Amino acid sequence: MRKPFIAGNWKMNKTGAEAAVLIRQIREGYKEDAVEVAVCPPFTALRDAREALHGTNIRLGAQNVYHEESGAFTGEVSIPMLQDLGVELVIVGHSERRHIFGESDGLINKKVARVLKSGLVPILCVGETLEQREAGRTRDLVRHQVMEGLKDLTEEEIGKVIIAYEPVWAIGTGRSATAEDANGVIEYIREILGELAGKNRADTIRILYGGSVNKENAASLLGQPHIDGALVGGASLKADQFLGIIRSATGKESV
Ligand code: PGA
């Protein structure tokens, strides 16, 4: 049984004070114990977000991390620094990190491994560009990113990862994948996880869809058997949208 999971990726939005306001609005409408929820504010808003989340079971996530513990890595943030702020989850390998900041599969693999070793949960993002999709390379690309991102991890470690399938052409464009199409790619990702970690374990791993999810299309996406939740960008910055998406995940039974 996989508990539905909805995470908000706030990207480079919200100061600390603004984060507290948004979290207060989300708290007011949030009652869903059947859905696991997380928000991922920018680093600078994590402390305020943590305070604003106090007393709820909404989890705190970060959008990125560096894999070294400390040292001469100007501008980077380490896992112990995130743990100090109460962070439990980290988005790793988001397509904006891959494409704007040039993160390689090798670096992403190091991050996933270190995040897991520290007891935090990585949300590993994979997904094809429009060009790759049009060239019919979606499955090969996704396979490559999953295999490289999870390279050299034990089956037990792989069992702790959350995957987000985010087609790059659907992110921030208002153009979501169709529910059936996203479900098909996610089913394929689950097959790959089965090869890596055994079918039983793969059946417990949550795989989210991300890319222009909003409260209007969430029910159809989340109604698919292999889509266990959503990684939400733009719509997670508006409480009524985010709450609507959480509600759409309520009652979802993934087995
Ligand atoms: P979007 O972003 O919902 O704004 O498309 C999703 C993401 O990048 O995680």
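Any idea which of 38, 62, 17, 45 is of a type in the set (Gly, Ala, Ser) and surrounded by fewer than 22 Cβ atoms within 10 Å (Cβ to Cβ)?
17
Only helices (runs of 4 or more DSSP H) wholly contained in segment 197-255 count here; list those with 1 or more residues that are under 19 Å from residue 12 (Cα atoms) and within 15 Å of the ligand (Cβ to nearest atom).
Helices (runs of 4 or more DSSP H) meeting the threshold: 239-249.
Name the residues in segment 127-174 that are under 15 Å from the mean Cα position of the chain (by Cα), within 12 Å of the ligand (Cβ to nearest atom) and among the β-branched types (Val, Ile, Thr), would you?
168, 171
What is the one condition in (1) farther than 27 Å from residue 238 by Cα; (2) in contact (Cβ under 8 Å) with a residue 60 or more places away in the chain that residue 162 does not satisfy?
Result: residue 162 passes all but (1).
Among the residues of segment 11-25, what is the count of those that are over 17 Å from residue 244 (Cβ atoms) and either in contact with a strand residue (DSSP E or B) (Cβ under 6 Å, 6 or more places away or on another chain) or not aliphatic (A, V, I, L, M) (or both)?
The total comes to 7.
Suppose we filter 197, 182, 135, 218 for residues that are surrounded by fewer than 19 Cβ atoms within 10 Å (Cβ to Cβ), modelled with pLDDT of 95 or more and among the small types (Gly, Ala, Ser); which single one remains?
Step by step, each of 197, 182, 135, 218 is checked, and only 135 is surrounded by fewer than 19 Cβ atoms within 10 Å (Cβ to Cβ), modelled with pLDDT of 95 or more and among the small types (Gly, Ala, Ser).
So which residues in segment 226-250 are farther than 10 Å from residue 6 by Cα and of a type in the set (Asp, Glu), if there are any at all?
Listed by number, the list holds a single entry, 240.
Can you go through 123, 100 and tell me which one is loosely packed, with under 15 Cβ neighbours inside 10 Å and either out of contact with any His (no Cβ under 8 Å at 6 or more places or on another chain) or touching a residue at least 60 places away in the same chain (Cβ under 8 Å) (or both)? Talk me through it step by step, then tell me what you get.
Values: 123 fails: loosely packed, with under 15 Cβ neighbours inside 10 Å.
Just one listed residue meets the conditions, 100.
Any idea which of 76, 36 is more than 21 Å from residue 230 (Cβ to Cβ) and out of contact with any helix residue (DSSP H, G or I) (no Cβ under 8 Å at 6 or more places or on another chain)?
Going through 76, 36 in turn, just one is more than 21 Å from residue 230 (Cβ to Cβ) and out of contact with any helix residue (DSSP H, G or I) (no Cβ under 8 Å at 6 or more places or on another chain): 76.
Answer yes or no as to whether residue 88 is away from the ligand (no atom under 16 Å from the Cβ) and over 16 Å from the mean Cα position of the chain (by Cα).
Spelling it out, it is not the case that residue 88 is away from the ligand (no atom under 16 Å from the Cβ) and over 16 Å from the mean Cα position of the chain (by Cα).
Find the residue count for segment 111-131, including only residues that are within 18 Å of residue 163 (Cβ to Cβ) and assigned to a helix (DSSP H, G or I).
6
Table: residues versus (1) under 27 Å from residue 201 (Cα atoms); (2) among the hydrophobic types (A, V, I, L, M, F, W, C); (3) under 14 Å from the mean Cα position of the chain (by Cα).
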residue: 3; (1), (2), (3): yes, no, no
residue: 7; (1), (2), (3): yes, yes, yes
residue: 13; (1), (2), (3): no, no, no
residue: 36; (1), (2), (3): yes, no, yes
residue: 45; (1), (2), (3): no, yes, no
residue: 51; (1), (2), (3): no, no, no
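Are any residues in segment 98-125 within 16 Å of the ligand (Cβ to nearest atom) and more than 13 Å from the chain's Cα centre (by Cα), and if so, which ones?
The answer is 98, 99, 100, 101, 103, 108.
Which one is nearest to the ligand (Cβ to nearest atom) among residues in segment 175-196 that are among the hydroxyl-bearing types (Ser, Thr, Tyr) and closer than 25 Å to residue 90 by Cβ?
Of everything passing the filter in segment 175-196, 176 is nearest to the ligand (Cβ to nearest atom).
The values are calculated or read from the model by the stated rules, or taken from the named source; none is laboratory data. As the structure is a prediction and not an experimental result, all values here were calculated from the model. Glycine also receives a Cβ, built like all others from the backbone with ideal geometry; neighbour counts cover every protein chain displayed.
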